[in-house]
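Quick notes on the structure that follows.
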Amino acid sequence: MKIVTCVAPVNIAVIKYWGKSNDELIIPLNDSISASLSTDVVRADPTVQGSFLLSLFLDVRQNDDNGEPVVERERVLAQRGETGHELATARAVLKKRERADPSLPEASWNVVICSENNFPTAAGLASSAAGFACLVYALAVLYGVEGEISDVARQGSGSACRSMYGGWVRWHCQGDSIARQLKGPAHWPEMRVLILVVNDATKKHSSTLGMKRSVDTSSLIGYRAEKVVPDRIRDMEGAIFAKDFETFAELTMRDSNQFHAICLDTYPPCVYMNDTSHAIVDLVHRYNEFRGRNAACYTFDAGPNACVFLLEQEVSSFAGAVDYAFPRVGDGADYYKGLGFERVPIEGGLAETLTPAEQGKLKYMIHTEVGEGPRVLENSDDHLLTVDGLPKALGLVPA
Ligand code: DP6
């Protein structure tokens, strides 16, 4: 019997992955670069956890006379709506293990998986990436697999392979299409991320289907992959290595804009950004104009929420501008999540250039930073399963 609990980070791409050259093997059309977000916001603020937690419970006793898992476990699994994806992932990790030891006793183990997405679901940000990264990482720990596993994580969700590392990560489209860490989280310690969660009721469209439709119908996507991204990846790597925020910011904004341009060039179009998203874009450009340099930059994934990258010294001032441009409802008690910062009012000269939106366009903002990759949580309080392998959340008290 063994419980393995792991945590894996959400990652935000600054050079986007959009489109596959091979749908089976999940080979991307172009390289992408992302930052993994801190999983430690967990400790700082229990209302927001930029991460995905998962417990695996290994129980070799719990077989009935026919060698099948006991009913209780099946019920637990059924309650969670276990998917084929998770089973396929477990098999893929085992396959790696098989190479080291063909006798493979692990293949007969019963494994109970219990997971929890700690990123506010409304944020709708790359949680499936963190989830698959966490599953693959925890299975690898359980089965004792060593070496490269980002290729397995990729099978669950392409961008998941980037969540296998902390800091700044590049996913390569060439060769065996693996993810590699460019720099660890300590490389650029001043970097912060403000996630502006937009109030939006529209149905979310799957990025898997969206990107497939773009590959089938957009005439711009091939140009982007061949002519634009290779230079951009080189320049972005250079900007990150040199901690050149000015260049980093411009590349990040241009790449987000190009990704959404391709979404609009898709037929029928994939529309992910809404009016509030566009108002955030406008705010960032006005803010930068006021500062006379790129002091903040935005990036949007397949949804309306903005991730704003900025340096620590800019957080209070930029957040003051957001508060002015997007008046919140209520006293803000649950509005600011994550790392604390000093609240300051918007600077007068900047306010003159902005027209505030109607109240309540933003749901909340999360303040976080670049952090570590997946890791094992040793403390039993962090386990999602009881010592009997039952999900704590179900509140079942073992007999
Ligand atoms: C817009 O990784 O969710 O977030 O590989 O089909 O599962 P699948 O897609 P997914 O796509 C993420 C797209 C994106 C950009 C990015 O994270 O690079």
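The values are calculated or read from the model by the stated rules, or taken from the named source; none is laboratory data. None of the values given here were measured: they were computed from a predicted structure. Quick reminder, even Gly has a Cβ in these numbers, built from the backbone with ideal geometry, and neighbours come from all protein chains shown. For the accessible areas, the whole protein counts, side chains as well, though only heavy atoms, and no ligand, DNA or RNA atoms are used. Shrake-Rupley method; radii C 1.70, N 1.55, O 1.52, S 1.80 Å.
Residues in region 313-372 that are open to solvent by less than 50 Å² (accessible area, probe 1.4 Å) and among the hydroxyl-bearing types (Ser, Thr, Tyr): 6 in all.
Is it the case that Met211 is part of a helix (DSSP H, G or I), of a type in the set (A, V, I, L, M, F, W, C), within 13 Å of the ligand (Cβ to nearest atom) and open to solvent by less than 20 Å² (accessible area, probe 1.4 Å)? Steps first, please.
Working: part of a helix (DSSP H, G or I): yes; of a type in the set (A, V, I, L, M, F, W, C): yes; within 13 Å of the ligand (Cβ to nearest atom): yes; open to solvent by less than 20 Å² (accessible area, probe 1.4 Å): yes.
Considered against the rule, which asks whether it is part of a helix (DSSP H, G or I), of a type in the set (A, V, I, L, M, F, W, C), within 13 Å of the ligand (Cβ to nearest atom) and open to solvent by less than 20 Å² (accessible area, probe 1.4 Å), Met211 comes out as yes.
The residues of region 175-188 that are within 16 Å of Ala242 (Cα to Cα), hydrophobic (A, V, I, L, M, F, W, C) and open to solvent by less than 40 Å² (accessible area, probe 1.4 Å), listed by number, are Leu182, Trp188.
Contact annotation: residue pairs with Cβ atoms under 6 Å, 6 or more positions apart or on different chains, pairing a residue in region 1-19 that is open to solvent by 10 Å² or more (accessible area, probe 1.4 Å) with a partner that is within 7 Å of the ligand (Cβ to nearest atom) and assigned to a strand (DSSP E or B), are Tyr17/Ser32. Annotation note: Cβ proximity below 6 Å between a residue of region 160-187 that is in contact (Cβ under 8 Å) with a residue 40 or more places away in the chain and more than 21 Å from Cys6 (Cα to Cα) and a residue that is within 14 Å of the ligand (Cβ to nearest atom) and aromatic (Phe, Trp, Tyr) (sequence gap 6+ or interchain) occurs for Leu182/Trp168; Lys183/Trp168. Would you say Phe309 is buried (at least 19 other Cβ atoms within 10 Å of the Cβ) and either closer than 24 Å to Asn199 by Cα or more than 23 Å from the chain's Cα centre (by Cα) (or both)? It is true that Phe309 is buried (at least 19 other Cβ atoms within 10 Å of the Cβ) and either closer than 24 Å to Asn199 by Cα or more than 23 Å from the chain's Cα centre (by Cα) (or both). Looking for something closer than 16 Å to Pro28 by Cβ and open to solvent by 50 Å² or more (accessible area, probe 1.4 Å) - is there at least one such residue anywhere in region 253-264? The answer is no; no qualifying residue exists.
Quick check, is His172 within 30 Å of Val329 (Cα to Cα), within 14 Å of the ligand (Cβ to nearest atom) and surrounded by 13 or more Cβ atoms within 10 Å (Cβ to Cβ)?
Answer is no for this residue.
Of the residues that make up region 146-163, is at least one at pLDDT below 80 and either part of a loop (DSSP other than H, G, I, E, B) or under 30 Å from Val197 (Cβ atoms) (or both)? Give the steps one after another, and end with the answer.
Let us first name the residues in region 146-163 that are at pLDDT below 80, namely 156.
Narrowing the set further to residues that are either part of a loop (DSSP other than H, G, I, E, B) or under 30 Å from Val197 (Cβ atoms) (or both) leaves 156.
So far as region 146-163 goes, yes, one or more of its residues are at pLDDT below 80 and either part of a loop (DSSP other than H, G, I, E, B) or under 30 Å from Val197 (Cβ atoms) (or both).
Residue count for region 1-20, restricted to those that are among the hydroxyl-bearing types (Ser, Thr, Tyr) and within 12 Å of the ligand (Cβ to nearest atom): 1.
For region 23-43, the candidate set comprises residues that are open to solvent by 30 Å² or more (accessible area, probe 1.4 Å) and modelled with pLDDT under 95; within that set, the residue that is farthest from the ligand (Cβ to nearest atom) is Arg43. Kindly check whether there is at least one residue in region 135-144 that is within 15 Å of the ligand (Cβ to nearest atom) and in contact with a Phe, Trp or Tyr (Cβ under 8 Å, 6 or more places away or on another chain). Scanning region 135-144 turns up no residue that is within 15 Å of the ligand (Cβ to nearest atom) and in contact with a Phe, Trp or Tyr (Cβ under 8 Å, 6 or more places away or on another chain).
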